[in-house]
1. In whole Hz, with x marking every Gly and Pro, tabulate ³J(HN,Hα) for the stretch 61-77 from phi via Karplus 6.51 cos²θ - 1.76 cosθ + 1.60, θ = phi - 60°.
2. ³J(HN,Hα) across the stretch 7-24 via Karplus (A = 6.51, B = -1.76, C = 1.60, θ = phi - 60°), whole Hz, x for Gly/Pro?
3. Mind checking which aspartates and glutamates have their Cα closer than 18 Å to the Cα of residue 106? Skip sequence neighbours fewer than 8 apart in that chain.
4. Report the gain in length on full extension from residue 40 to residue 67: 0.36 nm times residue separation, minus Cα-Cα distance, nm rounded to one decimal.
5. Suppose the chain between residue 91 and residue 131 were pulled fully straight at 0.36 nm per residue; how much longer would it get relative to their current alpha carbon spacing?
6. Could you go through the stretch 30-36 in sequence order and give the Karplus-derived ³J(HN,Hα) for each residue, using 6.51 cos²θ - 1.76 cosθ + 1.60 with θ = phi - 60°, rounded to whole Hz, and x for Gly and Pro?
7. For the ranges 10-16, 69-75, what's the packing order if you count other beta-carbon atoms within 10 Å of each residue, average per peptide, and put the highest first?
Amino acid sequence: MINNKPLNFVLIDDEISEMKSFIELASKNRLIIKAFDNVEDGFLYINSNYKKIQGIILDARGYMNADATLGSESLESLFDSIDRLHELHNKESFKIPTCIFTAYKKEIGKKLSKGIMVFDKLNEEKEMFSFLIEANQNNTYFNLSIKYAEIIKCFEGNFLNETAENNL
């Protein structure tokens, strides 16, 4: 891993309680997962923390919001998530590595043409982690954020006033 820095991932999956062993395995490999059981809560976090996130893992079928009821999970949550990510990537000018981790790989493979890697929950856990780690090794924003961490902290910590930032 790059400089042995842990990677921060966001997981949006309607069955978080069933993902505990997955999250623990990730943690043992220095992959920190912040999990959400619905799209709304997940994107509230993503939108306010995008610079600290190195990967996003989406389930194919999920809930749109915390008020959703059992049985209301659908593919619409995935497509809504993908649309939100495209908007964020365009707005912020960098792309957070993203993949889909689902038990419905065959079902969505035919419906998904957005170029996002899809991994099967039943047997492609290691491949998914490898994909996200490799994507970060090739991610310019992530590499620069490590190399210039001290300088970036100056700007994020509001140590410089607005005039100083503009003059830089």
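1. 10, x, 9, 6, 8, 5, 7, 5, 9, 3, x, 9, 5, 7, 5, 4, 5
2. In residue order, the calculated couplings are 9, 9, 10, 10, 10, 10, 8, 6, 10, 4, 4, 8, 9, 4, 5, 4, 5, 5 Hz.
3. 13, 59, 73, 76, 120, 124, 125, 127
4. Working: separation 27, 0.36 × 27 = 9.72 nm, distance 1.02 nm.
Gain on stretching residue 40 to residue 67: 8.7 nm.
5. Numbers: separation 40, 0.36 × 40 = 14.40 nm, distance 2.44 nm.
Contour length minus Cα-Cα distance gives 12.0 nm.
6. Along the stretch 30-36, the couplings run 6, 10, 9, 10, 9, 9, 9 Hz.
7. Numbers: 10-16: 21.3, 69-75: 12.4.
So the peptides 10-16, 69-75, ranked by packing, come out 10-16, 69-75.
Bear in mind these aren't lab numbers, they're just calculated from the coordinates by the rules spelled out. Small disclaimer: the values here were computed from a predicted structure and weren't measured. As a convention, Cβ positions derive from the backbone with ideal geometry for all residues, glycine included, and neighbour counts pool all protein chains shown.
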